[in-house]
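Here is the structure we will look at.
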Amino acid sequence: MAPRPSRRLLRRGLSPTMLRVVSAIFLLQLVSSALVIVFLRGQMLDVVRLDRQRQVIDVRDDLLAAYYDGGREELAEFITARRGSAADPAVFIALIGKGTPVLSNLVRVPAIPLAARPQPVVVRRGPDQPPSEGLALVGQLPDGERLVVGVVSLTEHRIDVAFAATAELTIAVAVLMALLSAAVVGFVISRRTHQIAETAAELASGNFGARVPIEGTGDGFNHLRQQMNLMAERIGELVSQLGAVSGALAHDLRSPVTRLSAALDLALARVEESRALEALQAARADADALRAMLETALEISMIEGGAVEDRRCPLDLAAVAEDLVELYDPLAEQSDVRLETRLEPVTAAADRELVSRALANLIDNALKYGGDTVVVSTRHRLDADGESWAEIAVEDNGPGIAPADRARVVERFVRLDDARTRPGGGLGLAMVAAVARLHGGHFVLGDPVEGGPSGGKGLVATLRLPV
């Protein structure tokens with residue numbers, strides 16, 4: 001059973017690349033939100049500080065006005081009575097110098113240097129109160145005394161408390177919004193890239209009519225879609241030309257080979273000398289092999305070029321394997337090879353004729369180059385990504401193929417050294433690989449498992465088709 005589209009989209013969204021993209025967007029937005037919060041707090045504190053500085057200067061001006069109106073006595077009475085701007089409980093005042101110090105909202109006068117602007121200071125406003133931060137301005141009166149005017153930073157403290165109280169909620173909202181937006185952006189990017197990748201997969205399987213939908217957004221993805229469609233059109237034209245050339249080549253080559261075979265048959269009918277007959281029979285066999293190689297090579301080109309009619313339908317692979325094993329069983333007995341089956345019911349959308357030919361090539365190769373045991377099996381398998389596959393495997397206990405040669409033997413006309421003395425054109429495995437690609441599947445050569453029917457040696461050739 002194929003995985004649901006929602007599960008497939010979820011796996012794609014959770015791919016390592018997309019997780020890195022989402023994580024980068026999430027961290028960027030989270031850092032941006034934190035910087036905005038810190039900037040906002042700083043701006044608010046700057047506004048409050050400027051307001052406090054203006055308040056200190058205003059109180060200082062009121063006190064100086066009282067001093068110039070009535071001297072020290074008027075200033076002292078203004079301070080102790082807390083009139084006007086001095087009545088603010090956040091304001092502290094000190095008059096120190098020649099006479100008795102006059103204090104308001106202050107236990108002890110802090111050491112503050114003369115300055116033109118208010119300076120940060122820590123003061124104790126009452127005997128039972130903790131130290132408080134504030135701003136203070138020290139000025140010298142004409143009679144030599146010093147006037148200290150300040151205001152505690154209650155507002156700044158309240159702002160810090162408010163930010164601390166709402167920090168958890170602010171961070172939670174910022175994290176949620178950053179994660180949500182990153183997930184949305186990641187999903188959009190993933191959907192667009194996988195849409196293009198799926199079209200590319202269709203083109204790779206031979207469907208040159210596949211096109212990527214154009215959204216007309218004018219962005220880089222839309223430009224990529226347009227170029228992808230132009231490439232698909234060009235490939236379709238080239239494949240059509242290849243089909244035409246292949247047809248002409250088949251016609252041009254089949255005729256000479258057919259005439260050659262006919263001439264050899266005529267010579268065989270007229271020649272009676274035994275040695276000449278043997279030579280003509282060998283030439284006739286070579287002509288037949290040449291015609292078979294030509295037809296197989298052309299068929300592979302047509303399969304890989306997508307020129308084969310789509311005849312895929314739900315196919316019982318176990319039934320196909322059983323029919324072919326029955327067909328090859330007499331040849332296996334003649335070669336003293338035990339041909340076994342381990343079939344599980346499994347169905348895939350496949351071309352029966354092509355899959356049968358591919359399996360026949362695998363069984364034929366196993367009988368020629370394998371050992372004394374060949375096992376044909378079918379099974380259903382889920383890979384690590386949860387994708388569902390139908391597999392036909394042919395396992396033998398022969399010498400196998402070295403891992404370094406496995407990628408090479410599926411190419412056309414490639415034959416290993418130990419196979420050159422036997423009949424064949426090096427096209428059997430290439431044919432199987434072409435059939436696998438046409439169906440959107442894979443052809444894999446691997447090692448048998450320990451404890452299997454081949455005793456852990458030999459080769460396992462697996463045709464894997466999507467379910």
Matching residues in the stretch 132-146 (surrounded by 11 or more Cβ atoms within 10 Å (Cβ to Cβ) and assigned to a loop (DSSP other than H, G, I, E, B)) number 3
Of the residues in the stretch 75-130, those that are of a type outside the set (G, A, S) and outside any loop (DSSP other than H, G, I, E, B) number 17
For the stretch 367-411 the number of residues that are touching a Leu at 6+ places or on another chain (Cβ under 8 Å), within 16 Å of G446 (Cα to Cα), among the hydrophobic types (A, V, I, L, M, F, W, C) and not in a strand (DSSP E or B) is 3
Apart from one, (1) at pLDDT 90 or above; (2) under 15 Å from A433 (Cα atoms); (3) open to solvent by 10 Å² or more (accessible area, probe 1.4 Å); (4) of a type outside the set (G, A, S) all hold for R406; the odd one out is (1)
Listed by first then second residue, the pairs whose first member lies in the stretch 85-110 and is farther than 15 Å from G139 by Cβ and at pLDDT below 85, whose partner is acidic (D, E) and crowded, with 17+ Cβ neighbours inside 10 Å, with beta carbons under 9 Å and at least 6 positions apart or on separate chains, are K98/E145; G99/E145
If we keep only residues of the stretch 147-158 that are in contact with a helix residue (DSSP H, G or I) (Cβ under 6 Å, 6 or more places away or on another chain) and modelled with pLDDT under 75, then the residue least open to solvent (accessible area, probe 1.4 Å) is E156
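A quick yes/no check of all residues on (1) under 21 Å from H442 (Cα atoms); (2) among the acidic types (D, E); (3) touching an Asp or Glu at 6+ places or on another chain (Cβ under 9 Å):
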| site | (1), (2), (3) |
| --- | --- |
| V175 | no, no, no |
| I189 | no, no, no |
| E202 | yes, yes, no |
| N207 | yes, no, yes |
| R211 | no, no, yes |
| E215 | no, yes, no |
Among residues of the stretch 1-48 being open to solvent by 60 Å² or more (accessible area, probe 1.4 Å) and not in a helix (DSSP H, G or I), the residue modelled with the lowest pLDDT is M1
Filter the stretch 348-383 for residues that are open to solvent by 40 Å² or more (accessible area, probe 1.4 Å) and of a type in the set (A, V, I, L, M, F, W, C); the one that is farthest from E326 (Cα to Cα) is L382
Given the conditions (1) hydroxyl-bearing (S, T, Y); (2) exposed (fewer than 13 other Cβ atoms within 10 Å of the Cβ); (3) closer than 30 Å to A433 by Cβ, every one holds for T193 apart from (2)
Scanning the stretch 328-342 residue by residue, those under 26 Å from R437 (Cα atoms) and surrounded by fewer than 18 Cβ atoms within 10 Å (Cβ to Cβ) turn out to be T341, R342
Of the listed residues (A319, A269, A279, A263), the one being under 39 Å from the mean Cα position of the chain (by Cα), at pLDDT 80 or above, surrounded by fewer than 16 Cβ atoms within 10 Å (Cβ to Cβ) and part of a helix (DSSP H, G or I) is A319
Of the residues in the stretch 58-84, those that are open to solvent by 60 Å² or more (accessible area, probe 1.4 Å), out of contact with any strand residue (DSSP E or B) (no Cβ under 6 Å at 6 or more places or on another chain) and touching a residue at least 24 places away in the same chain (Cβ under 8 Å) come to D58, D62, R72, T80
Of the conditions (1) closer than 28 Å to H442 by Cβ; (2) loosely packed, with under 15 Cβ neighbours inside 10 Å, the single one that M228 does not satisfy is (2)
Filtering the stretch 208-225 down to residues that are surrounded by 12 or more Cβ atoms within 10 Å (Cβ to Cβ) and assigned to a helix (DSSP H, G or I) yields F221, N222, L224, R225
Filter the stretch 419-461 for residues that are among the β-branched types (V, I, T) and crowded, with 22+ Cβ neighbours inside 10 Å; the one that is modelled with the highest pLDDT is V432
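The values are calculated or read from the model by the stated rules, or taken from the named source; none is laboratory data. All of these numbers come straight from a predicted model, not from anything done at the bench. Every residue, glycine among them, receives a Cβ derived from its backbone with ideal geometry; neighbour counts consider all protein chains shown. SASA here: full protein model, heavy atoms, side chains in, ligands and nucleic acids out. Shrake-Rupley method; radii C 1.70, N 1.55, O 1.52, S 1.80 Å.
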